[in-house]
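Single-structure report; data block below.
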Amino acid sequence: MQKVKVRSGIELVIVENEAEFAKAAADKVSELLKQKPNAILGLPTGSTPETMYAELVSRYKAGLLDFSQVTTFNLDEYVGLSDTHPQSYHSFMKKHLFDGVNIPSEARHLPSGETKPAEESAAAYEALLTKLGPIDLMILGIGTNGHIGFNEPGTPFDSRVHITSLAPSTIQANSRFFSDESEVPREAVTTGIGNILEARQIMLLAKGESKAEAIAATLQGEVTIEVPASALQQHNSVYVVVDKAAASLLKLE
Ligand code: PGA
């Protein structure tokens, strides 16, 4: 594992393998919960964080971690999927984290994809974040197009929780979870970039060659709404965990 200071406020960890990836990400959560047992976590879905969640579950089962005072806010949810739909993010979180640890059910928050009109779901989630926040540690994956949450290129950096249309590349990337691309929802409720930047600390996770361009643009490119994750350059406490493939286009000394 290699630690690199990319720029002021951003610490980068490059790991050798999947086990190190899961450990580095879970260590960050463990450290926070030791200091602050009632921390508020911002949580992502997707393939990237799966092994981190598995590691957190195994640490909980080994008695090394306690989530009884933790509150969670997920980043996003598809519009139009019921909570129990197998591809909803509600289902993902239940499977990968909530069923395995002791976060009280009333302390787990995700935007609703069922509420109609969807704008009401966004407004309710914004109100809840304002009431309970700020988030102590916001954990993020990243899209190949640089999206964070479902904040696609072009999203203003001061955006709040909102309904967004998925970019064609996101629909295509996420179609691997559905039997057909036409089944991927076209809209999502997402936490905005403004909400994300209000978190006390941010941890960005990425692995694989397909994320290399997005990671280089995020950490060393121009700060631009065309690369939503480049907004993280404006934050003062960002911890980035990447594998060698995702780090391959970074210019490191
Ligand atoms: P992935 O998704 O972890 O499945 O690659 C990340 C994202 O699109 O934000």
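The values are calculated or read from the model by the stated rules, or taken from the named source; none is laboratory data. All of these numbers come straight from a predicted model, not from anything done at the bench. Because the Cβ atoms are built from the backbone with ideal geometry, glycine has one as well, and the counts that use them run over all protein chains shown. Each accessible area value is taken on the protein alone, full model and side chains, heavy atoms only, with ligands, DNA and RNA left out. Shrake-Rupley method; radii C 1.70, N 1.55, O 1.52, S 1.80 Å.
Of the chain, which part is the longest with no trypsin sites (Lys or Arg not before Pro) in a loop (DSSP not H, G, I, E, B) and with at most 15 other C-beta atoms within 10 angstrom?
Between the exposed loop sites, the longest stretch runs 1-185.
What are the ³J(HN,Hα) values, in whole Hz, obtained from phi via the Karplus relation 6.51 cos²θ - 1.76 cosθ + 1.60 with θ = phi - 60°, for each residue of the range 171-180 in sequence order, with x given for Gly and Pro?
Running phi through 6.51 cos²θ - 1.76 cosθ + 1.60 with θ = phi - 60° gives 4, 5, 4, 7, 5, 5, 8, 10, 6, 8 Hz.
I'd like to check one number: the per residue accessible area of the chain, probe 1.4 Å, reported in Å² as a whole number.
44
So what J values fall out for the range 227-244 if you push phi through Karplus, 6.51 cos²θ - 1.76 cosθ + 1.60 with θ = phi - 60°, rounded to Hz, Gly and Pro as x?
Coupling constants for the range 227-244: 10, x, 5, 5, 4, 5, 4, 8, 9, 9, 8, 10, 10, 10, 10, 9, 8, 4 Hz.
Can you quote the Å³ per residue value for the convex hull of the Cα atoms in the range 158-231, rounded to an integer?
In the range 158-231, the Cα convex hull volume per residue is 111 Å³.
Taking all protein chains in place and a 1.4 Å probe, what share, in percent, of the accessible surface of the chain do carbon and sulfur account for?
The value for the chain is 50 percent carbon and sulfur by accessible area.
Quick one: give the max-minus-min coordinate of the C-alpha atoms of the range 99-191 along each principal axis, largest first, in Å.
In descending order, the Cα extents are 35, 34, 29 Å.
Under 5 Å between amide H atoms, partner at least 5 residues away or on a different chain: which partners does N151 have, H built in plane at 1.01 Å?
Answer set, sorted by chain and number: none.
With helices defined as uninterrupted DSSP H runs, which ones in the chain have an alpha carbon span along their own long axis of at least 15 Å and mean Kyte-Doolittle hydropathy of at least 0.0?
118-132
I'd like to know which of G100, A217, L166 lies farthest towards the positive end of the charge dipole of the chain, counting +1 on Cβ of Lys and Arg and -1 on Cβ of Asp and Glu.
Positive-end residue among those listed: G100.
What 222 nm value per residue comes from the helices of the chain, counting each DSSP H run with n ≥ 4 as -39,500 (n - 2.57) and dividing by all residues, nearest 500 deg cm²/dmol?
After summing the helix terms and dividing by the residues of the chain, the value is -8500 deg cm²/dmol.
Can you give me the relative contact order of the range 73-163 as a percent, contacts being Cα pairs under 8 Å and 6 or more apart?
28
Let me spell out the model: positive unit charges on the Cβ of Lys and Arg, negative unit charges on the Cβ of Asp and Glu, origin at the Cα centre of the range 97-253. What dipole size does that give, in debye rounded to 20?
Dipole about the Cα centre, nearest 20: 340 debye.
5 Å is the cut-off here: which amide hydrogens, built 1.01 Å from N in the peptide plane, fall below it relative to H109, excluding neighbours closer than 5 in sequence?
The answer is T72, F73, N74.
Return the sequence-ordered ³J(HN,Hα) values of the range 82-92 in whole Hz as given by the Karplus equation 6.51 cos²θ - 1.76 cosθ + 1.60 applied to θ = phi - 60°, using x for Gly and Pro.
So the J values, rounded to whole Hz, are 6, 4, 8, 4, x, 9, 6, 6, 4, 5, 4.
Given N residues in the chain, what is its alpha carbon radius of gyration divided by 2.2 N^0.38 Å?
Output field value: 0.94.
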